[in-house]
């Protein structure tokens with residue numbers, strides 16, 4: 001059983017890097033650490049006014065983006081795919097995020113115009 005964790009798994013494209021048990025545990029611990037930091041901020045630092053809420057929200061967003069990166073890269077195996085496939089997924093997501101930001105700004109303009 002110990003030989004399973006040390007062997008390198010080849011995926012269908014013939015790449016030598018796969019997900020070994022050690023990598024899965026490392027990614028799990030990173031995700032766990034980020035989640036613990038989020039809980040400490042949400043349940044201890046913000047209620048006791050060590051960090052104001054308007055500073056905590058961007059920190060949550062950045063930590064959530066790190067978690068999303070690790071989940072997509074390792075558990076959805078996007079890190080092990082060819083660059084073309086990765087770009088086909090990442091570039092539209094960036095455009096969608098930009099569109100959401102632009103539309104949010106535009107909606108605030110129309111709300112302020114009507115008030």
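For the structure I just gave you, tell me whether residue 43 is at pLDDT 90 or above and surrounded by 13 or more Cβ atoms within 10 Å (Cβ to Cβ). The answer is no for residue 43.
Tallying residues that are surrounded by 11 or more Cβ atoms within 10 Å (Cβ to Cβ) and either in contact with a helix residue (DSSP H, G or I) (Cβ under 8 Å, 6 or more places away or on another chain) or more than 24 Å from residue 20 (Cα to Cα) (or both) within the range 66-84 yields 10.
The values are calculated or read from the model by the stated rules, or taken from the named source; none is laboratory data. Keep in mind that this is a model prediction, so the values were computed, not measured. Note: ideal-geometry Cβ built from the backbone for every residue, glycine included; neighbour counts use all protein chains shown.
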